[in-house]
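*Asks:* Below are the C-alpha cells for one structure; questions will follow.
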Amino acid sequence: MVITNSQSGTNVHEVTDGIYRINTPVQLEGGAGFSFNQYLIVDDEPLLYHTGLRRMFPLVREAVASVLPVEQLRHIAFSHVEADECGSLNEWLDVAPRSVPLCGTVAALVSISDLSDREPRRLADGEAISLGMHSVRWLDAPHLPHAWECGFLTEEATRTLLCGDLFTQGGKDLPAITEADILGPSEAFRHEMDYFSHTKNAQSLLEKLASTKPTTLACMHGSAWHGDGAELLRALAEALST
C-alpha cells in the first residue's frame, strides 16, 4: 500500500492484476469512520470506476497520478448517479481530454447526457468493451441496491466485479483487500442505515451477478474482497429475502 496524501490518509493498493483501489478514510458526523474507494484499471485505455466526491477530486487525482498520468484516462465509469459515484465527473473530463463517461443507457438518458460536459458512451446490458489486456462488461441492475439506472461492471480477465454500493462496510481502518467475512459487517451497516430499495427483482439480479463467477469484489466502501464471489452474492440474496 502506498499513502499518497499523508494528511487525508488517501492510499493506493493493487487488489488484483492491473486494478488499483484508491481509498480515502473519513470521519463522519457523530464520530463514525467510513471510507470512499475508487478503482483504476491500468491498460491501453485506462478506466477509473467512481470519480469520488467533487471536493475529494484533488486527493483522488493525486492518487491516480501516482500510478499513471491522469491525462491518459480514457473511461470514467460509475454504477449510478450519486455524488460519490460521479460528483467530480466533469473535473476528470477536464484533466483527461480523451476520456468519456462510461455508463448504462438509462443513466445516459436520464442524467449524464445533461450533467456531463462530454457525451457519454452508453453501454447496453451485457455489452463489453476492451481496454487492452482487460475487458469490462456492463450489467444492468436497476434498484440494486438503489437507483433506476444502477448497474455494474465486471472485469473479465481478473474476474473482478466492480460492485459499487453492494457490501458496504463501515469503518475507516480496514485492510485494502480481505478474505474475511464482509457480509456480516455489510448487513450490520444496512440494518443500521437501510440504503437498499428492496426491489422485487433483487434475487434474480444477484443471481445474474453471481453467474459471472467473480473472485474479487471491488467494494466502494470498505475492503475489497477475494474469494468465491458467486457464493457470497447468493448469501446476500438470501439475507435480503428474510
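*Asks:* Just one of Glu238, Glu192, Glu207, Glu187 is free of Cβ contacts under 8 Å to residues at least 40 places away in the same chain, farther than 20 Å from Glu14 by Cα, touching a helix residue (DSSP H, G or I) at 6+ places or on another chain (Cβ under 8 Å) and not aromatic (Phe, Trp, Tyr); which is it?
*Replies:* The unique qualifying residue is Glu207.
*Asks:* Report yes if Leu68 is within 19 Å of Ile41 (Cβ to Cβ), touching a Pro at 6+ places or on another chain (Cβ under 7 Å), among the hydrophobic types (A, V, I, L, M, F, W, C) and modelled with pLDDT of 95 or more, otherwise no.
*Replies:* Spelling it out, Leu68 is indeed within 19 Å of Ile41 (Cβ to Cβ), touching a Pro at 6+ places or on another chain (Cβ under 7 Å), among the hydrophobic types (A, V, I, L, M, F, W, C) and modelled with pLDDT of 95 or more.
*Asks:* Return the total of residues in segment 202-222 being assigned to a loop (DSSP other than H, G, I, E, B) and either open to solvent by 70 Å² or more (accessible area, probe 1.4 Å) or at pLDDT below 95 (or both).
*Replies:* Residues in segment 202-222 being assigned to a loop (DSSP other than H, G, I, E, B) and either open to solvent by 70 Å² or more (accessible area, probe 1.4 Å) or at pLDDT below 95 (or both): 2 in total.
*Asks:* I've got another one for you. Among the residues in segment 178-191, are any touching a Cys at 6+ places or on another chain (Cβ under 9 Å) and surrounded by 19 or more Cβ atoms within 10 Å (Cβ to Cβ)?
*Replies:* Yes, the conditions are met somewhere in segment 178-191.
*Asks:* Right, here's the next one. Spot the failing condition for Ser241; the list is (1) among the polar types (S, T, N, Q); (2) in contact with a Ser or Thr (Cβ under 6 Å, 6 or more places away or on another chain); (3) modelled with pLDDT under 95, and only one is missed.
*Replies:* (2)
*Asks:* Going by the structure shown, is Leu89 modelled with pLDDT of 95 or more, among the aliphatic types (A, V, I, L, M), surrounded by 18 or more Cβ atoms within 10 Å (Cβ to Cβ) and touching a Pro at 6+ places or on another chain (Cβ under 7 Å)?
*Replies:* Against the criterion (modelled with pLDDT of 95 or more, among the aliphatic types (A, V, I, L, M), surrounded by 18 or more Cβ atoms within 10 Å (Cβ to Cβ) and touching a Pro at 6+ places or on another chain (Cβ under 7 Å)), Leu89 qualifies.
*Asks:* For segment 148-164, how many residues are of a type outside the set (S, T, N, Q) and either open to solvent by 10 Å² or more (accessible area, probe 1.4 Å) or at pLDDT below 95 (or both)?
*Replies:* 5
The values are calculated or read from the model by the stated rules, or taken from the named source; none is laboratory data. Values in this document were obtained by computation on a predicted structure and should not be read as measured data. Cβ coordinates were reconstructed from backbone atoms using ideal geometry, including for glycine residues, and neighbour counts include every protein chain displayed. Note: accessible area is taken over every heavy atom of the protein model, side chains too, but ligands, DNA and RNA are not part of it. Shrake-Rupley method; radii C 1.70, N 1.55, O 1.52, S 1.80 Å.
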